[in-house]
Amino acid sequence: MAEIPAPLPFEKRTSGLGRWFEPKRIGQMSPGSTVIVYGLLALWSAFVLFPFYWLAITSFKLPVDVFDGPAYLPWVDFTPNLHAWADLADFSAKSALSETLTPYRNSVIIAFCSTALCVLVGAMAAYALARIEYKPRFGNILVFVLLMIAAAVAVGIYGVDLWIAGAVAVALFVLLARSLGRRYFRRSVGNADILFWMISQRILPPVVAVVPIYMMFQKVGMLDTHLAIILTYTVVNLPIVVWLMHDFFASIPIDLEESAQLDGASRLMTFFEIVVPLARAGLAATTLLVLILSWNEYLVALFLSTTKAQTLPILVAGMNGGEKGILWWTMAVVIIIMIVPVIAMALLLQRFISKGILLGAVKG
């Protein structure tokens, strides 16, 4: 009986093109796979980064270079020039610097303050929903909504002062909730219902809510103020913070908090001393997301601001050169300045962001 030849070693079984797709060791990509994967990543990176490159080269072009057509390579297709940057820094050219620095300062103040307030309040609300079981009665919620509608009608139609109408509505709610709530309202809602209701507020188109918000701040004399836009951004982005941070807090073992409470720590101390440090990855990712949403917001700022509280998105949208059209070279400079804080914040929180996104996806 003929002997069966022994199989060749692993490295000798393939030859030619097949070797390019055979990994040298376990856990390592083959050379061919490496070339394909990194080639696709390079193409995707070029596609994503090209708008930033276009902004950068446009900011160093003269108007004639912009209107003559596409020019991609400095010193080859065009000669770089600081014309747009000089116009922005020229105090005498229609106060260009002050017209840019004021919206820039407003954007920094509004975006960072609203983000800090939103993350603080939203994180505490998410922690409460993750650790405390709430059972508010549905009838009490309905009574509160009806009283708020009645207060809005009193203010909008009959001209009642907003603070007086709000105070009366809250007083009536307390009286009705104490007298009727315990006797007649039996059905209650849970934490899951509260979470769903909060995130459902993001489904509502912003243009539907911005007109009532405008009328409310007009009544109290807070239009074109930083505080009005900060409060609005905080309320608008609060559901996102609560929804994201709830999963982070729910994944933290409750034994650590119970041990701290046995040692005499209060609920608030436990939250700031134990829970927040353990959830800092999620807080970093959520903070960056809320900051980007606040920094780029346009519709609310357009309605609530005119000159004093104008933000950068409004400045960029209104940057028009009259008969000459849009000043693309100046707009490129403003957009570059606009994205610097967000990029800096992303680099600062980079080591937490990827970990926070992965932790938020883990269940059980």
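The values are calculated or read from the model by the stated rules, or taken from the named source; none is laboratory data. Since the model is a prediction, treat every value here as computed from it, not as a measurement. Counting neighbours? That spans all protein chains shown, and the Cβs are built from the backbone with ideal geometry, glycine included.
Computed quantities for the displayed model
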| quantity | calculated |
| --- | --- |
| Test: residue in region 291-307 that is of a type in the set (D, E, K, R) and modelled with pLDDT under 85 | no |
| Breaking point among (1) at pLDDT 85 or above; (2) farther than 22 Å from VAL334 by Cα, for PRO74 | (2) |
| Every residue from region 155-167 that is over 18 Å from VAL211 (Cβ atoms) and surrounded by 15 or more Cβ atoms within 10 Å (Cβ to Cβ) | VAL160, ALA165, GLY166 |
| Checklist (1) closer than 20 Å to LEU129 by Cα; (2) in contact with a helix residue (DSSP H, G or I) (Cβ under 8 Å, 6 or more places away or on another chain); (3) not small (Gly, Ala, Ser) applied to LEU223, failing item | (1) |
| Considering residues of region 185-236 that are among the basic types (Lys, Arg) and surrounded by 12 or more Cβ atoms within 10 Å (Cβ to Cβ) only, the residue farthest from VAL160 (Cα to Cα) | ARG202 |
| Residues being in contact (Cβ under 8 Å) with a residue 40 or more places away in the chain and of a type in the set (Gly, Ala, Ser) - total across region 48-73 | 2 |
| Answer from ARG280, ARG267 - the residue that is surrounded by 12 or more Cβ atoms within 10 Å (Cβ to Cβ), charged (D, E, K, R) and under 25 Å from VAL236 (Cβ atoms) | ARG280 |
| Residues within region 320-335 that are surrounded by fewer than 16 Cβ atoms within 10 Å (Cβ to Cβ) and either among the basic types (Lys, Arg) or modelled with pLDDT of 80 or more (or both), tallied | 1 |
| Top-ranked residue of region 308-319 - restricted to ones that are modelled with pLDDT under 80 and part of a helix (DSSP H, G or I), ranked as nearest to LYS219 (Cα to Cα) | LEU315 |
| Every pair of residues 6+ apart whose Cβ atoms lie under 8 Å, when the first sits in region 190-213 and is on the phi < 0 side of the Ramachandran plot while the second is among the acidic types (Asp, Glu) | GLY190/GLU133; ASN191/GLU133 |
| Qualifying residue in region 265-282 (condition: closer than 23 Å to LEU129 by Cα, at pLDDT 85 or above and in contact with a Gly (Cβ under 6 Å, 6 or more places away or on another chain)) | yes |
| Qualifying residue in region 259-268 (condition: under 21 Å from THR287 (Cα atoms), part of a helix (DSSP H, G or I) and over 22 Å from the mean Cα position of the chain (by Cα)) | yes |
